[in-house]
Amino acid sequence: MVEFILLVLLALFVCWGARTSPNRSFSWGMYSGSTKGFLWTEVAGVPRVLNYDEVRLAPDSHFMSVPELRRLMDKENQKISLNGLIIGSSGNWLVRYDSDTKHHVEKSLPVGLELDQLVTLLRRLPPRQ
Amino acid sequence: MIIVATLCLVLASLWRAVSVVADVQRIRRVDAHQRMYRPGLGWTTPHELELRQRAAWAGMGAAIGLVPIVVISASTVAAAAAIFCCGGIIAWLLYERTLHRARYTSVCISILASALLLYYAARLFTQLPAAYLTGMFASFFASQLYLVAGLRKLQSAQFMSGRVIVDNLAYGLYQAAAGNREFIRFASPPQLADLLASKKFLSACRLAALLTAALELTIGLGALGLLPALLVFSLAIPSHLAFIIVSPYRIAPFTVAALGLIAMAMSHPLLTAIL
């Protein structure tokens, strides 16, 4: 009898876990999507991948969206110029933040073009940096 | 199985605690004001980093305290110490979630610690069959973990298109190109470009996504007792090792904790009592 009750509870728990937000503190449902930020800078027309330390991202930061990048690039980080390609569940974006002019551009990419943009960027990167 | 699960808990907790301490120390080394940005959580503060580090040291102490218990688990003192250490790990992870949004890793380690705490408490304070109770407990939560993981992936159009796998692999290789040692550098940027431009690679990732969701659902049903233990392990171990390729440093504690939970679940699965 106890086992049957546990099975019913498990079914309810699974249904709830499949619908709950993975962003909750201590969530019982793991992520099934992703949004990634490919950030780089250009020196004399040559791209270079930015590492976490340069943009002051904490070491365990594995996702990025446009609103998060805006917060990252607020007054704390105005000394850095960067380009970025945001790809994933929050949409696909090409972004540019210019530290000299304080100008920033966020351009939405049509679905399907984001991988082409990433391929183009990767082909421009040196094999080793 | 209890010894295997205890070893998994020790390893997963230690790895997680060491990574927290390493993160805090790196932030302090990179930025004099200890202010670095965490997407979804905002800027770090020196006070918060200090609290996280202290809590992680406590978690590490609790995990190390479990090591001798693996050897002398039969004694009453060992059972009492195990209850204290498992409780310490749970308390650390519950506190950690107030400072840093818990990853699923923390949830999985907490469940494993709770299962072991239940085992040692039942053995010490009751006449109930401790291994049977713990197996049922682990089976319940391991099934939930894998069934939910599989269902969520099936519901996600992005995942089922293979793009989550593509994006994560690309991101890891991109970061590795910048010298990030958390990721394995098995292709250079030009080689990654060739991969991403290949339709075969994208199709392989779509197939991998479908297989991942199917495997997780199968392991979830297996953890209930619907499949033989050997089959469940032969599915779980390779699939978890494959996940590690995406982000070895961060995923390893989850992998170890999940395998420890499955080991406990398969000792007395929930449905064996009914079937």
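The values are calculated or read from the model by the stated rules, or taken from the named source; none is laboratory data. As the structure is a prediction and not an experimental result, all values here were calculated from the model. Cβ placement follows ideal geometry from the backbone for every residue including glycine, while neighbour counts extend to all protein chains displayed. Note: areas computed on protein heavy atoms with side chains; ligands, DNA, RNA excluded. Shrake-Rupley method; radii C 1.70, N 1.55, O 1.52, S 1.80 Å.
Kindly rank B:7-20, A:91-104 from highest to lowest mean number of other beta carbons found within 10 Å of each residue. Can you show the working numbers first?
On the way: B:7-20: 22.6, A:91-104: 14.9.
Descending mean neighbour count gives B:7-20, A:91-104.
Of all DSSP beta bridges located in the protein assembly as shown, what percent are antiparallel, nearest 5?
Working: 22 of 23 bridges.
Around 95 percent of the beta bridges assigned by DSSP in the protein assembly as shown are antiparallel ones.
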For chain A, set up a Gaussian network in which alpha carbons nearer than 10 Å are linked by springs, and say which option among A:Phe63, A:Phe38, A:Phe13 fluctuates the most. A:Phe13
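Considering only protein heavy atoms and a 1.4 Å probe, what is the carbon-and-sulfur percentage of the accessible area of chain A? Present the calculation step by step, with values, prior to reporting the outcome.
Values: 3980 of 6620 Å².
Its accessible area is 60 percent carbon and sulfur atoms.
Give me the inter-chain shielding for B:165-174: mean count of other chain Cβ atoms within 10 Å, whole number please.
5
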Which shape class, rounded, prolate or oblate, goes with chain B when its Cα gyration tensor gives a ≥ b ≥ c as root eigenvalues, a/c under 1.5 marks rounded, and past that a/b bigger than b/c marks prolate? oblate
What is the distance in Å between the Cα centres of the stretch B:193-227 and the stretch B:1-23? 27
Which lysines does B:Lys153 reach when only Cα atoms under 19 Å apart count, and residues fewer than 8 places away in its own chain are ignored? A:Lys36
Residues along the stretch A:1-24 losing 40 Å² or more of accessible surface when the other protein chains are present rather than the chain by itself (probe 1.4 Å): A:Glu3, A:Leu6, A:Leu7, A:Leu10, A:Phe13, A:Val14, A:Ala18
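Return the calculated 222 nm mean residue ellipticity for chain B, to the nearest 500 deg cm²/dmol, obtained by summing -39500 (n - 2.57) across DSSP H runs with n ≥ 4 and dividing by the residue count.
-26500 deg cm²/dmol
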Pairwise centroid distance, computed over Cα atoms, of the stretch B:30-103 with the stretch B:116-179, Å: 19
Starting from a Cα-only point model with no solvent, please compute log10 I(q)/I(0) by Debye for the stretch B:137-275 at q = 0.18 1/Å. -1.00
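Could you give the DSSP H helices of chain B that reach 18 angstrom or more along their long axis (alpha carbon positions) and whose average Kyte-Doolittle hydropathy is no lower than 0.5? The partial results should precede the final answer.
On the way: long enough: B:2-30 (41 Å, 1.37); B:46-71 (40 Å, 0.61); B:76-99 (35 Å, 1.47); B:104-125 (31 Å, 1.51); B:130-155 (37 Å, 0.82); B:163-177 (21 Å, 0.53); B:199-221 (33 Å, 1.17); B:229-246 (26 Å, 2.32); B:248-265 (25 Å, 1.36).
Length and hydropathy pass: B:2-30, B:46-71, B:76-99, B:104-125, B:130-155, B:163-177, B:199-221, B:229-246, B:248-265.
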Along the charge dipole of the stretch B:1-128, which of B:Leu128, B:Gln34, B:Leu14 sits closest to the positive end, that is, farthest toward it, with unit charges on the beta carbon of Lys, Arg, Asp and Glu (+1, +1, -1, -1)? B:Gln34
Points 7 angstrom from Cα along the Cβ direction at B:Phe186 and B:Ala242: gap in nanometres? 1.2
Compute the separation of the alpha-carbon centres of the stretch A:30-93 and the stretch B:230-275 and state it in Å as a whole number. 33
Going by a ≥ b ≥ c, the root eigenvalues of the Cα gyration tensor, does the stretch B:177-256 fall in the rounded group (a/c under 1.5), the prolate group (a/b larger than b/c) or the oblate group? oblate
Working from Cα positions, state the angle (0 to 90°, nearest 10) between the long axis of helix A:114-124 and the longest principal axis of chain A. 40
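Given charges of +1 on the Cβ of Lys and Arg and -1 on the Cβ of Asp and Glu, with all other atoms neutral, how large is the dipole of the protein assembly as shown about its Cα centre, in debye to the nearest 20? Intermediate values should be presented prior to the final figure.
Working: 36 positive and 22 negative charges, 91 e Å.
Roughly 440 debye, rounded to the nearest 20.
With the other protein chains left in place, how much accessible area per residue, in square angstrom, belongs to the stretch B:137-275 at a 1.4 angstrom probe? Present the calculation step by step, with values, prior to reporting the outcome.
Details: 5250 Å² over 139 residues.
Ligands and nucleic acids excluded, the figure is 38 Å² per residue.
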Each residue of A:116-122 has, on average, a number of other protein chain C-beta atoms within 10 Å of its C-beta equal to 6
On a 0 to 90° scale, report how tilted helix A:2-19 is relative to the longest principal axis of chain A, with both axes built from alpha carbons and the result rounded to the nearest 10. 20
Straight-distance crosslink candidates among lysines, where the alpha carbon sits under 21 Å from A:Lys79 and sequence neighbours closer than 8 are dropped: A:Lys102
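For a test of the definition: using alpha carbon positions, the gyration tensor, and the 1.5 limit on a/c, classify the protein assembly as shown as rounded, prolate or oblate. Please list the in-between numbers first.
On the way: a/c = 2.37, a/b = 1.59, b/c = 1.49.
It is prolate, given that a/c is not under 1.5 and a/b is the larger ratio.
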